[in-house]
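*Asks:* There's a structure below that I have some questions on.
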Amino acid sequence: MTATLLPTSDADPFGPEVLEDPLPFHADLRDAGPVVHLSRYDVYAMGRYEHVHAALRDWQGFQSGAGVGLSNFRTEPPWRPPSLLLESDPPRHDAPRRVLAGILAPRELRRLRERWSAVADELVDALLAAGDEFDAVPKLAEAFPLRVFPDAVGIPDEGRENLLPYGDFLFNAFGPHNDLVAAAAHRAPELGAWVNAQCARDVLAPDGFGARIWAAADRGEITAEQAPLVVRSLLSAGVDTTVQALATVLHAFATHPEHWRRLRAEPQLARVAFDEAIRWGSPVQTFFRTATTDVRVGDAVIPDGKKILMFLASANHDPRRWTDPEAFDLSRDPSGHLGFGFGIHQCVGQHVARLEAECLLDALARRVATIEIAGPTRRHHNNTMRAWGSLPMRVG
């Protein structure tokens with residue numbers, strides 16, 4: 001292959017200015033071309049929808065098994081056993097994915113709707129009884145998933161507060177070893193040990209997702225060695241992502257009151273609203289792949305073994321794909337967004353997140369006429385996620 005001269009940038013996508021507001025960087029990335037060499041990390045970046053979408057589909061050319069972070073498992077050992085779903089490729093990826101996809105299928109989740117709706121009603125009633133102003137991050141976006149999802153997995157109540165800092169460190173660790181990683185590295189062994197302990201068969205409740213994963217091992221669908229790693233995948237990727245997705249949709253409605261009025265009038269739009277918020281706010285901003293050979297993207301060639309940084313959030317704002325992409329719009333069809341990834345590694349728990357959002361939004365819409373921002377908001381910086389630290393809100 002003959003390579004063309006690639007555009008190069010020395011910008012740091014993991015620097016505090018970009019993490020605070022990534023949109024200008026994303027626009028520059030898309031304008032520069034299909035592929036941009038980020039010299040600071042010697043990686044190849046893609047920000048246009050067409051090319052990110054294609055790379056996500058092409059697991060043969062853009063592998064996950066060498067790690068979906070900056071670390072290259074071909075040349076350096078992972079800091080923990082790699083995920084059987086996120087950090088593996090077929091055939092190793094197939095059986096664990098098949099088991100988990102069956103457990104988390106929409107038809108299997110219907111049995112949870114009534115229970116989760118009751119929890120959402122209880123949570124919102126208690127919150128409103130305490131006053132009309134609150135911080136939506138701890139009071140709603142964190143409180144609801146931290147109750148219903150660990151219950152569904154089947155882990156004990158004690159220690160659940162570890163899930164958020166563990167997930168925060170995990171998603172930070174996909175990036176460079178910067179200050180965000182260093183600040184929490186001292187707790188990583190403790191948090192990792194706690195999460196691993198929750199994956200044991202005898203810890204899990206008999207009727208939860210975790211027990212069903214172990215039952216699949218008993219049937220020979222996966223091995224007994226794989227079972228705790230599959231449970232760990234649920235606990236690693238199923239909490240922080242949903243917390244920030246819920247915070248994102250709440251922020252969207254608080255800053256777009258006309259759409260909150262529409263949701264209240266048309267509650268069936270809750271799922272569309274959630275997916276549009278995922279496109280618009282893109283809680284999961286990036287993931288890496290590794291080239292398995294010299295891969296051509298447009299006129300550029302990404303060399304074998306090099307890391308590719310895919311900007312899912314940039315693709316979700318690409319004007320080549322979306323009309324008025326900076327707008328949060330309930331009239332839009334957001335299907336096709338890349339906020340949950342795409343292809344064989346697309347988020348296996350996305351239906352769980354949608355159900356959580358529907359239950360919480362329904363509970364709010366039946367009780368709250370208006371939502372607005374009540375004070376200064378604060379971002380929480382993370383190398384992979386665009387997260388909220390504080391969202392003061394006032395309801396009426």
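The values are calculated or read from the model by the stated rules, or taken from the named source; none is laboratory data. All values reported here derive from a predicted model rather than from experimental measurement. Note that each Cβ is placed from the backbone with ideal geometry, even for glycine, and that neighbours are counted across all protein chains shown. Note: accessible area is taken over every heavy atom of the protein model, side chains too, but ligands, DNA and RNA are not part of it. Shrake-Rupley method; radii C 1.70, N 1.55, O 1.52, S 1.80 Å.
*Asks:* Residue under question is Arg97, and the condition is that it be among the basic types (Lys, Arg), under 25 Å from Arg219 (Cα atoms) and modelled with pLDDT of 95 or more; does it hold? Can you show your working first?
*Replies:* Numbers: among the basic types (Lys, Arg): yes; under 25 Å from Arg219 (Cα atoms): yes; modelled with pLDDT of 95 or more: yes.
Considered against the rule, which asks whether it is among the basic types (Lys, Arg), under 25 Å from Arg219 (Cα atoms) and modelled with pLDDT of 95 or more, Arg97 comes out as yes.
*Asks:* Farther than 19 Å from Thr384 by Cα and surrounded by fewer than 20 Cβ atoms within 10 Å (Cβ to Cβ): is that true of Leu5 in this structure?
*Replies:* For Leu5, the condition - farther than 19 Å from Thr384 by Cα and surrounded by fewer than 20 Cβ atoms within 10 Å (Cβ to Cβ) - is met.
*Asks:* What is the number of the single condition among (1) crowded, with 18+ Cβ neighbours inside 10 Å; (2) farther than 20 Å from Arg366 by Cα that His177 does not meet?
*Replies:* Only one criterion in (1) crowded, with 18+ Cβ neighbours inside 10 Å; (2) farther than 20 Å from Arg366 by Cα is unmet by His177, namely (1).
*Asks:* Can you confirm whether Pro189 is farther than 19 Å from Thr384 by Cα, assigned to a helix (DSSP H, G or I) and open to solvent by 30 Å² or more (accessible area, probe 1.4 Å)? Outline the logic, then answer.
*Replies:* Numbers: farther than 19 Å from Thr384 by Cα: yes; assigned to a helix (DSSP H, G or I): yes; open to solvent by 30 Å² or more (accessible area, probe 1.4 Å): yes.
Here the answer is yes, as Pro189 does meet what is asked.
*Asks:* Across segment 14-29, which residue is nearest to the chain's Cα centre (by Cα) among those that are open to solvent by less than 20 Å² (accessible area, probe 1.4 Å) and either closer than 17 Å to Gly339 by Cα or modelled with pLDDT under 95 (or both)?
*Replies:* Among those that are open to solvent by less than 20 Å² (accessible area, probe 1.4 Å) and either closer than 17 Å to Gly339 by Cα or modelled with pLDDT under 95 (or both), it is Pro22.
*Asks:* Kindly list, by first and then second residue, each pair from a residue in segment 98-121 that is over 15 Å from Asp207 (Cα atoms) and of a type in the set (S, T, N, Q) to a residue that is modelled with pLDDT of 95 or more and assigned to a helix (DSSP H, G or I), limited to pairs with Cβ atoms under 8 Å and residues at least 6 apart or on different chains.
*Replies:* Ser117/Cys359; Ser117/Asp362; Ser117/Ala363
*Asks:* Within segment 251-278, can you find the residues that are out of contact with any strand residue (DSSP E or B) (no Cβ under 7 Å at 6 or more places or on another chain) and outside any helix (DSSP H, G or I)?
*Replies:* Answer for segment 251-278, where residues must be out of contact with any strand residue (DSSP E or B) (no Cβ under 7 Å at 6 or more places or on another chain) and outside any helix (DSSP H, G or I): His256, Glu266.
*Asks:* Just to be sure before I move on: is Thr248 open to solvent by 10 Å² or more (accessible area, probe 1.4 Å) and either in contact (Cβ under 8 Å) with a residue 40 or more places away in the chain or assigned to a strand (DSSP E or B) (or both) in the structure I sent?
*Replies:* Working: open to solvent by 10 Å² or more (accessible area, probe 1.4 Å): no; either in contact (Cβ under 8 Å) with a residue 40 or more places away in the chain or assigned to a strand (DSSP E or B) (or both): yes.
Answer is no for this residue.
*Asks:* Let me ask you something else. When segment 159-169 is examined, which residues are found to be open to solvent by less than 10 Å² (accessible area, probe 1.4 Å) and either closer than 19 Å to Leu112 by Cβ or without any contact (Cβ under 8 Å) to a residue 24 or more places away in the chain (or both)?
*Replies:* Within segment 159-169, Leu163 is the sole residue that qualifies.
*Asks:* Conditions: (1) open to solvent by 40 Å² or more (accessible area, probe 1.4 Å); (2) farther than 21 Å from Pro176 by Cβ; (3) touching a strand residue (DSSP E or B) at 6+ places or on another chain (Cβ under 8 Å). Asp94 meets all but one. Number of the miss?
*Replies:* So Asp94 meets the others, but not (3).
*Asks:* May I pose another question? Name the pairs whose Cβ atoms lie under 8 Å apart, with the first residue in segment 20-37 and within 22 Å of Lys307 (Cβ to Cβ), the second part of a helix (DSSP H, G or I) and open to solvent by 20 Å² or more (accessible area, probe 1.4 Å), and 6 or more positions between them or separate chains?
*Replies:* So the pair list comes out as Phe25/Val18; Pro34/Glu50; Pro34/His51; Val35/His51.
*Asks:* Shifting gears a bit: Test of understanding: among Ala315, Ala365, which residue is over 14 Å from the mean Cα position of the chain (by Cα) and within 30 Å of Ala182 (Cα to Cα)? Reasoning before the result, please.
*Replies:* Values: Ala365 fails: within 30 Å of Ala182 (Cα to Cα).
Answer to the selection: Ala315.
*Asks:* Also: Need pairs with beta-carbon distance below 6 Å; first residue surrounded by 14 or more Cβ atoms within 10 Å (Cβ to Cβ) and within segment 365-380, second charged (D, E, K, R); sequence gap 6+ or separate chains.
*Replies:* Note: pairs meeting the criteria are Ala365/Arg264; Glu372/Arg394; Ala374/Glu133; Ala374/Arg394; Arg379/Glu20.
*Asks:* Filtering segment 330-344 down to residues that are touching a residue at least 24 places away in the same chain (Cβ under 8 Å) and either open to solvent by less than 20 Å² (accessible area, probe 1.4 Å) or among the hydroxyl-bearing types (Ser, Thr, Tyr) (or both), which residue is farthest from Phe287 (Cα to Cα)?
*Replies:* Of everything passing the filter in segment 330-344, Leu330 is farthest from Phe287 (Cα to Cα).
*Asks:* Which one of Leu104, Leu109 is open to solvent by less than 20 Å² (accessible area, probe 1.4 Å), under 19 Å from the mean Cα position of the chain (by Cα) and either more than 20 Å from Ser390 (Cα to Cα) or among the hydroxyl-bearing types (Ser, Thr, Tyr) (or both)? Walk me through how you get there before you give the answer.
*Replies:* Values: Leu109 fails: under 19 Å from the mean Cα position of the chain (by Cα).
Leu104 is the lone residue from the list that is open to solvent by less than 20 Å² (accessible area, probe 1.4 Å), under 19 Å from the mean Cα position of the chain (by Cα) and either more than 20 Å from Ser390 (Cα to Cα) or among the hydroxyl-bearing types (Ser, Thr, Tyr) (or both).
*Asks:* Go over the candidates Ser64, Ser39, Ser117, Ser88 one by one and state the one that is surrounded by fewer than 16 Cβ atoms within 10 Å (Cβ to Cβ) and modelled with pLDDT of 95 or more. Before you say what the answer is, go through the steps one by one.
*Replies:* On the way: Ser64 fails: surrounded by fewer than 16 Cβ atoms within 10 Å (Cβ to Cβ); Ser117 fails: surrounded by fewer than 16 Cβ atoms within 10 Å (Cβ to Cβ); Ser88 fails: surrounded by fewer than 16 Cβ atoms within 10 Å (Cβ to Cβ).
Checking each option against the conditions leaves just Ser39.
Yes/no per residue for (1) touching a Phe, Trp or Tyr at 6+ places or on another chain (Cβ under 8 Å); (2) more than 23 Å from Leu263 (Cβ to Cβ):
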| residue | (1), (2) |
| --- | --- |
| Pro303 | no, yes |
| Val352 | yes, no |
| Ala363 | no, no |
| Met393 | yes, no |
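*Asks:* Does segment 150-158 contain at least one residue that is surrounded by fewer than 22 Cβ atoms within 10 Å (Cβ to Cβ) and more than 24 Å from Val99 (Cα to Cα)?
*Replies:* yes
*Asks:* Right, something else. As an exercise: evaluate Ala130 against (1) touching a residue at least 40 places away in the same chain (Cβ under 8 Å); (2) open to solvent by 20 Å² or more (accessible area, probe 1.4 Å); (3) among the aliphatic types (A, V, I, L, M) and give the number of the one condition it does not meet.
*Replies:* All conditions are met except number (1).
*Asks:* Report yes if Thr290 is open to solvent by 10 Å² or more (accessible area, probe 1.4 Å), hydroxyl-bearing (Ser, Thr, Tyr) and out of contact with any helix residue (DSSP H, G or I) (no Cβ under 7 Å at 6 or more places or on another chain), otherwise no.
*Replies:* Values: open to solvent by 10 Å² or more (accessible area, probe 1.4 Å): no; hydroxyl-bearing (Ser, Thr, Tyr): yes; out of contact with any helix residue (DSSP H, G or I) (no Cβ under 7 Å at 6 or more places or on another chain): yes.
Here the answer is no, as Thr290 does not meet what is asked.
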